[in-house]
Each structure stands twice: as structure tokens, then as C-alpha cells.
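Structure record follows, encoded as C-alpha cells.
The values are calculated or read from the model by the stated rules, or taken from the named source; none is laboratory data. Fair warning: this is a prediction, and the values are worked out from it, not measured in the lab. Positions of Cβ are backbone-derived with ideal geometry, glycine not excepted, and every protein chain shown enters the neighbour counts. Each accessible area value is taken on the protein alone, full model and side chains, heavy atoms only, with ligands, DNA and RNA left out. Shrake-Rupley method; radii C 1.70, N 1.55, O 1.52, S 1.80 Å.
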Amino acid sequence: MPALHDDDARVTDEELRLLLMPAPPIKKADADNSFWYRNAFLLAVSIFDTVMLLLFPHEIYRTFNIDPGATDLARYLTMVGWSGIGITLVYAYSYLRDWQFERVSLICFAVLLTNYGHDFFYFSGLNVPLQPMVVVVAVLRLMALVCMLINAIQAKKAPPAHRRLLPKLKYK
């Protein structure tokens, strides 16, 4: 019978050793090789959305024929822009530091899916002609959602530690 850690412990020394042992690293052969490309695309879409929301809200007003004095919409666009920055930072920190990445990626996907649905129903209720730029942005955001879903599903196959934003360049 295995010895307990101390008189009151409910965990044996062997169980404690196994619990405290670090997880085995992912081998390069088992890693998802397209992870970096999806993350680069997500970062590009995030930067584009944030710049449009925070720096050029008048373009959104012009596209949807909204009065520039709509203060509630201005506050909403600012809030969405800053929350996008926050989600991007938490997602990047979680990925680069391997901090609960499986959970964080799934939560970020759920938040962005909710935000996309909210925007879809809000802006589809406006009676304006559909413009090509609106369709392009909607498709880009939908593609970003698909990338987020794939990253959440493949989170356990993320490239091994020493993660970085840029891929490792190989020199001959």
C-alpha cells in the first residue's frame, strides 16, 4: 500500500509527483502547421476593425447613412473597439505564454460570435442599400470566426513552447 504524504493527506507521494509533473511537450510533427497563418489573419482583421472603429467612425456613419451626432452609436462603436483590443491582448497573451489557451480561445470565439450576431441584427435592421465594403467586412469577420473556431478546436496542437508572433526564419 502506498504511503500517504503526511498523516492528514489524501494524496500519496506518487500521486503528488504525477500531479506536479509538467505536461509532456508537443512534438513538432504533431503541431498544427497552419496555426501561425490563422493567427496572422486574426491579428490583421483585429487591427483593421479596431482602426475603423476607433479612428474612422465617420466612415461607418457614412456607409450606413447614420447621423454623425448619434451619441449612443458613437459610444457603442468606441466600446466595441476597446473591447476588441482587450480580447486581442488576452488572446495573444494566452497564446504566447501558454496560459489556459484552450479555454481562452473558446471564450474569445464565443464573445466574437455573439458580437458578430449582435452587429448583424443591429445593422441589418437599417434601411440602407447594401454596399460592397459592408459585404467584404462581414465576410472577413466571418472568416475570422471560422479561424477562431479552428484555433479553439486545435488548441492542444498549438506549436510548442517558445511561441512567438512571427514564424522562425530559416537561413541557409
*Can you give the three extents of the C-alpha atoms in the range 81-134 along their principal axes, from longest to shortest, in whole Å?*
45, 18, 16
*Once the whole set of protein chains is in place, how much accessible area is left on Tyr95, using a 1.4 Å probe, in Å² to the nearest 10?*
20
*So, in Å, what gap is there between the alpha-carbon centers of the range 130-156 and the range 61-87?*
20
*Roughly how much of Val51 is accessible, in Å² to the nearest 10, using a 1.4 Å probe?*
50
*Which of the peptides 103-109, 56-62 is most tightly packed, and how do the rest follow, going by the mean number of other Cβ atoms within 10 Å of each residue?*
103-109, 56-62
*asked:* What are the ³J(HN,Hα) couplings of the range 45-61, residue after residue, when phi is run through the Karplus curve with 6.51, -1.76, 1.60 and θ = phi - 60°? Round to Hz, x for glycine and proline.
replied: 5, 5, 5, 4, 4, 5, 4, 5, 6, 8, 9, 10, x, 5, 5, 5, 4
*Given labels modelled 7 Å from the Cα in the Cβ direction, how far is it in nm from Met21 to Tyr76?*
5.4
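Multiply the residue separation of Ser83 and Val146 by 0.36 nm, subtract the distance between their alpha-carbon atoms, and state the gained length in nm to one decimal. Provide the component values of the computation, followed by the final result.
On the way: separation 63, 0.36 × 63 = 22.68 nm, distance 1.97 nm.
Using 0.36 nm per residue and subtracting the Cα-Cα distance, I get 20.7 nm.
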*What list of ³J(HN,Hα) couplings, whole Hz, do you get for the range 130-135 from phi and the Karplus terms 6.51, -1.76, 1.60, once you set θ to phi - 60° and write x for glycine and proline?*
6, 9, x, 5, 5, 5
